[in-house]
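The values are calculated or read from the model by the stated rules, or taken from the named source; none is laboratory data. It should be emphasised that the depicted structure is a prediction, and the values quoted were computed from it without experimental measurement. Here the Cβ is made from the backbone with ideal geometry for all residues, glycine too, and neighbour counts use every protein chain on show. Surface accessibility is based on the protein's heavy atoms, side chains included, excluding ligands, DNA and RNA. Shrake-Rupley method; radii C 1.70, N 1.55, O 1.52, S 1.80 Å.
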Amino acid sequence: MLLSMDGRFKEIVKKLVWQKQSIESEIQTIETSDPVLMQFPEEAAELGTAAWEADAHGTSVSVKNDLMLLSAKVSHALEKVGLGSYGMCEKCGKTIDPRRLEVLPIAVRCQTCTI
Ligand SMILES: [Zn+2]
């Protein structure tokens with residue numbers, strides 16, 4: 001694969017790895033700050049009312065879901081790196097414009113197939 005010989009490609013992969021790490025640490029932060037998911041519920045009870053807890057929990061669950069979804073996309077892209085098929089459109093098989101990958105490293109389809 002030609003793209004893998006490119007320094008540009010290495011930078012994109014670095015971005016993906018970095019993105020995965022930051023998503024994972026964000027998920028961890030959410031898990032440790034969610035009163036419902038916290039290991040010590042008696043401490044959470046001191047933080048506020050049950051309604052506040054439910055609200056905070058609801059928000060963190062939806063944020064966490066978004067992060068999990070993004071994390072899955074990043075993992076999928078990294079998997080493709082491993083398989084050597086990263087940078088190729090999953091729909092038409094053409095090479096995805098590296099400029100597109102630089103902006104959106106998780107892209108698995110070319111611009112034409114995404115629209
Ligand atoms: Zn395509």
Inset, instruction - Those residues that are within 15 Å of GLU11 (Cβ to Cβ), more than 14 Å from the ligand (Cβ to nearest atom) and assigned to a helix (DSSP H, G or I), I need them from segment 71-115; list them, please. - result: ALA77, LEU78, VAL81, PRO98, ARG99, GLU102, VAL103
Legend entry - Test: residue in segment 87-97 that is under 19 Å from GLU24 (Cβ atoms) and surrounded by fewer than 12 Cβ atoms within 10 Å (Cβ to Cβ): no
Inset, instruction - Pairs only if they're at least six apart or on different chains, beta carbon under 8 angstrom, first in segment 10-37 and within 12 Å of ALA77 (Cα to Cα), second of a type in the set (Ser, Thr, Tyr) and surrounded by 13 or more Cβ atoms within 10 Å (Cβ to Cβ); list them, first residue then second. - result: VAL13/TYR86; LYS20/SER71; LYS20/SER75
Inset, instruction - Could you tell me whether any residue of segment 30-38 is modelled with pLDDT under 95, more than 25 Å from ASP6 (Cα to Cα), in a helix (DSSP H, G or I) and acidic (Asp, Glu)? - result: yes
Inset, instruction - Would you mind telling me which numbered condition in (1) modelled with pLDDT of 80 or more; (2) under 30 Å from GLN111 (Cα atoms) MET5 fails? - result: (1)
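Search segment 52-86 for residues being of a type in the set (Lys, Arg) and within 13 Å of the chain's Cα centre (by Cα), and hand back the single one that is most open to solvent (accessible area, probe 1.4 Å).
As a first pass, look at segment 52-86 and keep what is of a type in the set (Lys, Arg): 64, 73, 80.
Pick out the ones that are also within 13 Å of the chain's Cα centre (by Cα) and you get 64, 73.
Details: LYS64: 41, LYS73: 102 Å².
Among those that are of a type in the set (Lys, Arg) and within 13 Å of the chain's Cα centre (by Cα), it is LYS73.
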